[in-house]
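Remarks on the structure that follows.
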Amino acid sequence: MEDVDVVIVGAGSAGLAAAKSLRTAGLTFKVFEAMNRIGGRAWTSTEHFGVPFDIGCAWLHAADRNPYFPEAEAAGWTLHHHDMNVDHLYYRKRKASEEEEAAMKAADTEISELLENHTGTDDRLSSLLAKGHATRAAATFAGPMDFGADEDEISIADFKAAADLEPNYFTYEGFGALVARFGADVPVELSTPVRKILWDVPGVACVTDRGTVRAKAVIVTASPAVLAFEEIEFSPLLPDSHFSAFFDLPMGMLTKIPLEIRGTRLGLSPFDDLLIERIARHDIYFLCFPFDLDLMVGFIGGDFAWEVSAAGEAAGVDFVTDRLCGIFGNDVRKHVGRAMMTNWGGERFVRGAYAAARPGKAEARRILMEPVAERIFFAGEALAGSLIQTCGGARLSGEAVARQVAAQLADSRCEAVQLAF
Ligand SMILES: Cc1cc2nc3c(=O)[nH]c(=O)nc-3n(C[C@H](O)[C@H](O)[C@H](O)COP(=O)(O)OP(=O)(O)OC[C@H]3O[C@@H](n4cnc5c(N)ncnc54)[C@H](O)[C@@H]3O)c2cc1C
């Protein structure tokens, strides 16, 4: 295989963006992608429901700073602003009273204030949260359903560093389709995992099953979990600080279980948010009938999402159907059509939804932003500053790291020219 200036590992949002930035900077590159498609965790499929459904990212968060948003607008795609307030709250099978709904909203504000004023040494988000129905519901929405992890596994410092993601939009055509459109002109070697990166050579040598490519630098966009599992062997070993950082940024989990509901809207309106708060943290959030499609998209987050994934699709679909029946009556069953369950934990080259720092380990993100030996660079959602965990953030991270690599290669070229004189 031909030598290039830069190898990019992964053709998700970060890798595609890095490639486009390197091209603008006039550098040569090769992108290797383990899967047989581009987009990574951005993936729209019409396979399950005959309409676009986002298996991975769906909300265009922080639309005012999200580079995908103006592209969707310019392409004339159907966009819908979605305010993420819980419209319908249930405690198990019981509809919450108006007072309880108001208490949950108040708890939401209270949690924000507690976070703002937090000074203690206990970095677990759970240490901030008082017990009680309303606070639990607010914490569920912000923790497992948003951050993908249970409150006792979320670092307060990490949580605080993440931006408020308003304004949020959906696109009918699909966020994954938008990323695929963005990356369509990037040459990518699909189904080609990088197995090994040698860096005791000049530059780096990236080993795949189809050959080895040498480059001056490599940008690795694989998730921290993929790296912690040593899917890529680094030789020599990476510094302990970097390797520990992979472990300190474990992947949270968000499992989607969409159900087709035909012939009824259950008294709900398109895009309503419905949260069922249950004991034992077996909570479910539903995005109801987006774009007036016959779909109720169930979301389960955190530890319970890993458990449901392990139980399998049939168990997951039954669980969600039963919960809807518990609220709207057994008649619902007659209206349920096609269904599926996402399984990001089982995707070998992703291994979860997105990274959340362990309590006390928020520093891990900064460590991974340091290149190793000025030639191994990391990028992706885990390193996206205040837009961590988002697809737009992943793209901005890929672009920023590509600019860093280009600047560094330009500097080393200048040094070489100076030495020649
Ligand atoms: C269920 C779910 C819901 C989400 N919802 C939202 C949302 O609503 N809005 C939002 O903004 N974000 C959301 N996200 C997060 C968003 O999808 C990710 O933050 C973003 O897509 C990550 O992009 P990335 O490029 O950093 O990583 P990835 O998309 O994971 O790309 C990395 C790529 O590297 C490849 N790879 C890994 N190892 C190797 C190797 N050894 N060799 C070659 N290739 C390799 C992988 O196959 C992958 O394609 C969601 C994620 C999930 C899972």
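Values for this structure:
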quantity: Some residue of region 229-241 being out of contact with any strand residue (DSSP E or B) (no Cβ under 6 Å at 6 or more places or on another chain), closer than 26 Å to Ile156 by Cα and more than 16 Å from the ligand (Cβ to nearest atom); calculated: yes
quantity: Close pairs from region 347-369: first within 19 Å of Ala163 (Cβ to Cβ), partner within 9 Å of the ligand (Cβ to nearest atom) and among the acidic types (Asp, Glu), Cβ under 6 Å, at least 6 apart; calculated: Tyr354/Glu381
quantity: Subset of region 392-415 that is surrounded by fewer than 24 Cβ atoms within 10 Å (Cβ to Cβ) and among the small types (Gly, Ala, Ser) - its residue that is modelled with the lowest pLDDT; calculated: Ser412
quantity: Pairs with Cβ under 6 Å, 6+ apart, first in region 121-145 and farther than 17 Å from Ala355 by Cα, second in a loop (DSSP other than H, G, I, E, B); calculated: Thr135/Leu129; Ala139/Leu129; Thr140/Asp283
quantity: Odd one out for Val86 among (1) in a loop (DSSP other than H, G, I, E, B); (2) farther than 20 Å from Leu254 by Cβ; (3) more than 8 Å from the ligand (Cβ to nearest atom); (4) hydrophobic (A, V, I, L, M, F, W, C); calculated: (2)
quantity: Residue pairs meeting the criteria (Cβ under 7 Å; at least 6 apart or on separate chains; first at positive phi, in region 374-395; second among the β-branched types (Val, Ile, Thr)); calculated: Gly380/Thr221
quantity: Enumerated strands (runs of 3 or more DSSP E) restricted to region 166-265, each holding at least 1 residues that are under 30 Å from Ile327 (Cβ atoms); calculated: 169-171, 254-261
quantity: Any hit, region 106-123, residues being surrounded by 20 or more Cβ atoms within 10 Å (Cβ to Cβ), modelled with pLDDT under 90, charged (D, E, K, R) and farther than 18 Å from Gly298 by Cα; calculated: no
quantity: Odd one out for Phe147, checked against (1) assigned by TED's automatic domain parsing to the domain that holds Glu260; (2) on the phi > 0 side of the Ramachandran plot; (3) at pLDDT 90 or above; calculated: (2)
quantity: Yes/no for Val9 being crowded, with 24+ Cβ neighbours inside 10 Å and more than 8 Å from the ligand (Cβ to nearest atom); calculated: no
quantity: Search result, residues across region 23-54 that are away from the ligand (no atom under 15 Å from the Cβ) and either in a loop (DSSP other than H, G, I, E, B) or buried (at least 24 other Cβ atoms within 10 Å of the Cβ) (or both); calculated: Ala25, Gly26, Leu27, Thr28, Thr46, Glu47, Phe49, Gly50, Val51
quantity: Options Arg323, Arg338; residue that is assigned to a strand (DSSP E or B), on the phi < 0 side of the Ramachandran plot and either modelled with pLDDT under 95 or among the basic types (Lys, Arg) (or both); calculated: Arg338
quantity: Test: residue in region 358-373 that is at positive phi and within 10 Å of the ligand (Cβ to nearest atom); calculated: no
quantity: Checklist (1) within 30 Å of Ile232 (Cα to Cα); (2) surrounded by fewer than 17 Cβ atoms within 10 Å (Cβ to Cβ); (3) outside the structural domain of Val218 (by TED's automatic domain parsing) applied to Ala58, failing item; calculated: (2)
quantity: From Asp292, Asp303, residue being modelled with pLDDT of 95 or more and under 30 Å from Glu230 (Cα atoms); calculated: Asp303
quantity: Pair list, Cβ < 9 Å and 6+ apart or interchain, from region 44-61 residues that are modelled with pLDDT of 95 or more to residues that are within 11 Å of the ligand (Cβ to nearest atom) and among the basic types (Lys, Arg); calculated: Phe53/Lys256; Asp54/Lys256; Ile55/Arg41; Ile55/Lys256; Gly56/Arg41; Gly56/Lys256; Cys57/Arg41; Ala58/Lys256
quantity: Search result, residues across region 169-212 that are buried (at least 21 other Cβ atoms within 10 Å of the Cβ), more than 10 Å from the ligand (Cβ to nearest atom) and among the aliphatic types (A, V, I, L, M); calculated: Ala177, Leu178, Val204
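The values are calculated or read from the model by the stated rules, or taken from the named source; none is laboratory data. Not measured: the values here are computed from a predicted model. Positions of Cβ are generated from backbone atoms using ideal geometry, with glycine treated the same way; all protein chains shown enter the neighbour counts.
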